[in-house]
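The values are calculated or read from the model by the stated rules, or taken from the named source; none is laboratory data. If you're wondering where the values come from, they're calculated on a predicted model, not measured in any experiment. Virtual Cβ from ideal backbone geometry, glycine too; neighbours counted across all protein chains shown.
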Amino acid sequence: MDRINIENLLGRLSGLRALVIGDLMLDEYLWGRTDRISPEAPVQVVDIVREDLRLGGAGNVINNLVTLGCQVHVASILGEGHDGLLLRRRLEEKRVGIEGLLFDGKRTTSRKTRILASGQQMMRFDRESRTPIDASQEKQLADFVRNCADRFDVILVSDYLKGVLTEGLLQAVIAVGKDKGIPVVIDPKGNDYGKYRGATLLTPNRKETEVASGVSIVDEESLRLAARTLMQRLDLETLMVTRSEEGISIFFHSGQEVHLPTQAREVYDVTGAGDTVLSLVGLGLAGGLPVSEAAALANIGAGIVVGKVGTSTVGVEEIHEALAHHALEFDSKIRLRESLRNLLEIERRRGKTIVFTNGCFDLLHVGHVKYLQQARRLGDILVLGLNSDASIRRLKGTNRPLINEHERAHILAALSCIDYVVLFDEDTPLELIDILRPDILVKGGDYTPETVVGREVVESYGGRVELIDLVDGRSTTNIIERILDRYDQG
């Protein structure tokens, strides 16, 4: 998993556009306590103390996408009654595009009512229609997708077998995706997967894979057989099987396999975890991640959401925290500027002093280390702005850097005196300083305060510049010259 790629995607989510097609429903939760038996029958009496009504089914996919900050549109059919109007209003409140939403007076909008007490779900009541939509409704939805497909980066299909996703509609949507080059990612249901033929990616769980393939999964070999059977039968390039506590397995048409261990720390409720997987793997593909990295992102999200009760969502900061938790300590220090700005704001509110310095740090030497150690002593958190390879080439010529930016970042992050490393591609760190707003800006003693880039910005909000003496005779250029002199064969 390339954490930097995933963090880069998280910073671009607001620009991604997703269309969700599927069965919308309302998830109602009645929370209560029980400490007595009914005198009317041998059943527990639940005293309701709290009620909660959420978007469910395909609506939980929408919830996930909205929470992550991307642009969302929906295509589906609702009943014309109170619940249908209520669901529509909830979508509008979330600023979801509803041009693809149809209403049918003969349908009942799905509502699932769950009763929970003592931390457990005791019972569920379902009110819904399961009748397939008619040919005219199927055509209306298919036409909407055809006419609007260019507006979307990904199409997410959430099937709960409530009648919206007919085979005709699904095949029309998959065909549009292929024609336009838009990923069509499907969370399937049922035992007849023929209607999903040709999809970009399916995300069944282990039980669904068993049923659809007809292969009982008891070990890794039978899992592989079930997956390959399903892929061949449905003409799939990729299949992603979610395996609960065993993580996620991805199978490619080429024969390659990727197995990701679970990221869950504690499991309280798996409700809606599949919706989270669908949302995140879809956004990963929409944002240009390879399937394996999109699946890794989805795996992290699922690990977070199963630690919550009820159909829940996961936020960008929660994913950032999980990425840091599962990364090596020094790797978690390397940050993108937007996520680092948020982290530093939290630290600043805690009273921490932020120190910033910058440089190329090509061929790390003792002069660098002593300089950075002195800079760290000036405050509580030291942030190092590191020139990218492209900016170094512009500053120092085409023969530099000797060490690429990713290697330099990891070497510097391994130093205990550095708290965060952030790359910048500009010729100067001025823009980065303006974003991060450090309290203290540090440069070497070969500068004067007037020549330090960013001094005016830092001083404008009450910060200051500090100059640190450099170790004489220690520089990357000197090291290169000594190497050339020592090994010169001429």
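Observations
- Qualifying residue in the range 171-187 (condition: surrounded by 23 or more Cβ atoms within 10 Å (Cβ to Cβ) and modelled with pLDDT under 95): yes
- Considering residues of the range 27-83 that are polar (S, T, N, Q) and not in a strand (DSSP E or B) only, the residue farthest from residue 155 (Cα to Cα): 38
- Listed by position, the helices (runs of 4 or more DSSP H) inside the range 360-457 whose residues that are over 21 Å from residue 343 (Cα atoms) and over 29 Å from the mean Cα position of the chain (by Cα) number at least 3 are 366-376, 389-396.
- Residue count, the range 373-391 (criterion: in contact with a helix residue (DSSP H, G or I) (Cβ under 8 Å, 6 or more places away or on another chain) and among the aliphatic types (A, V, I, L, M)): 5
- Pair list, Cβ under 6 Å, 6 or more apart: the range 264-289 residue modelled with pLDDT of 90 or more, other residue in a helix (DSSP H, G or I) and of a type in the set (S, T, N, Q): 279/64
- For the range 109-136, the tally of residues that are in contact with a helix residue (DSSP H, G or I) (Cβ under 9 Å, 6 or more places away or on another chain) and in a helix (DSSP H, G or I) stands at 1.
- When each of 76, 129 is tested for being in the same structural domain as residue 195 (by TED's automatic domain parsing), among the polar types (S, T, N, Q), in contact with a Gly (Cβ under 7 Å, 6 or more places away or on another chain) and modelled with pLDDT under 95, the lone residue that passes is 129.
- Condition met for residue 164 (of a type outside the set (D, E, K, R), touching a strand residue (DSSP E or B) at 6+ places or on another chain (Cβ under 6 Å) and under 22 Å from residue 290 (Cα atoms)): no
- Checking residue 298 against (1) modelled with pLDDT of 90 or more; (2) outside any strand (DSSP E or B); (3) closer than 25 Å to residue 18 by Cα, the condition it does not meet: (1)
- Pick from the range 335-359, criterion in a loop (DSSP other than H, G, I, E, B) and in contact (Cβ under 8 Å) with a residue 24 or more places away in the chain, ranking: farthest from residue 428 (Cα to Cα): 352
- Some residue of the range 378-394 being in contact with a Gly (Cβ under 8 Å, 6 or more places away or on another chain), more than 18 Å from residue 334 (Cα to Cα) and in the same structural domain as residue 437 (by TED's automatic domain parsing): no
- Residue check for residue 212: in the same structural domain as residue 110 (by TED's automatic domain parsing), within 30 Å of residue 136 (Cα to Cα), at pLDDT below 95 and assigned to a helix (DSSP H, G or I): yes
- Checked against (1) surrounded by fewer than 24 Cβ atoms within 10 Å (Cβ to Cβ); (2) at pLDDT 65 or above, residue 308 passes all but a single condition, namely (2).
- Among (1) touching a strand residue (DSSP E or B) at 6+ places or on another chain (Cβ under 8 Å); (2) surrounded by fewer than 16 Cβ atoms within 10 Å (Cβ to Cβ), the one test that residue 402 misses: (1)
- Members of the range 89-112 that are acidic (Asp, Glu) and in contact (Cβ under 8 Å) with a residue 12 or more places away in the chain: 99, 104
- From the list 362, 380, 434, the lone residue that is within 30 Å of residue 483 (Cα to Cα) and out of contact with any strand residue (DSSP E or B) (no Cβ under 6 Å at 6 or more places or on another chain) is 362.
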